[in-house]
């Protein structure tokens, strides 16, 4: 939540401007009583950075995309298994993907298909894609942190203008497809900072200030006046003296327009935006909208200072009575092909490919055998992911499924192994980092025995 001078507390004492002493600025539950203008301008100066930093972009495909139709086709399988699509060659000999991904095929040397994710718990939600853990696993007091919360806690902010852990996850009709996870036992200060609202091109409703929206943060005069008025009213109370580091972070976000600017695609080269493809603001039933432009915004957020960006994209649950698996694939795959190829191209052109890791995945795969509705049902036994960037050894395939695409026969991979790889790329030592949970038990980034995917490091 981000508010300034919000609803006052009727039971607290009033200041001369009719606002309570508790009507502080809050960002994600962090209180800010106020700060002098010197701090405001210092935050603005510190926010300017052109230095690269390690970051992760996590693209979640709600509903369970079909591994059999995306990046692990089985052309030699029976017709009731192989489906409608043919594989095409890529610029890496021996690697083939669906014919509806020609752009990615031409740059497969910059991607890594992971075809053998084998420990999905079958839940119709993004929990494993956000935390690496099964929902039914024993949880520590406070719960497991989302991956971005670990990154936030261990690496902190790049600058004061942009939170380290941000989310472009839309609230969905199926609630679990819009859950980005939280700080768990690491606390609310490390929870994802949500930047989108209930409409495709709107900010989160909680990021509306009294008289100032996130989009209007460039109007510094108005912001400064609000801060100064509050400061004058509270200087005598000692509030300023108690401001902590989290308040400083909150102030940094408001003191500059960096965050708002990162979300504003009018500031991007129109040719670059067009390269990503045309977004569709319509929410896909109980899923997310097809906002392919958010792939570009994710890159812009990283450039502005974010260390971890999570987003949900469209809806991939097509196995019902409408028999839409293959018709919807023909609609969705070309746009995904365009958006992913544009994102990875951007990272390479901007010299970010060594520092920014990308993962694209869903909660499980789809049945090898086509059902009576000409679609594929849920299949937790195996699923896939696509990875890129992060300085990884790209241009190779990780894992192999059997001839029917039923299960992994080579190099089974766990969700946590993917996260261990992402953490490694981000500069975190999964074996050495230890933080005690609320019960005093030491916790690590991944479970004992989990290692990064060594073929990629």
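The values are calculated or read from the model by the stated rules, or taken from the named source; none is laboratory data. Please read these numbers as outputs of a predicted model, since none were measured by experiment. Cβ atoms come from the backbone with ideal geometry, glycine included; neighbour counts cover every protein chain shown.
I'd like to verify a number: residues in the range 125-138 that are modelled with pLDDT of 95 or more and assigned to a loop (DSSP other than H, G, I, E, B), how many? Result for the range 125-138: 5.
Evaluated against (1) crowded, with 17+ Cβ neighbours inside 10 Å; (2) not in a helix (DSSP H, G or I), residue 69 falls short on exactly one condition, (2).
On the basis of being closer than 30 Å to residue 324 by Cβ, modelled with pLDDT of 95 or more and out of contact with any strand residue (DSSP E or B) (no Cβ under 8 Å at 6 or more places or on another chain), does residue 404 make the cut? When the stated conditions are applied, residue 404 passes them.
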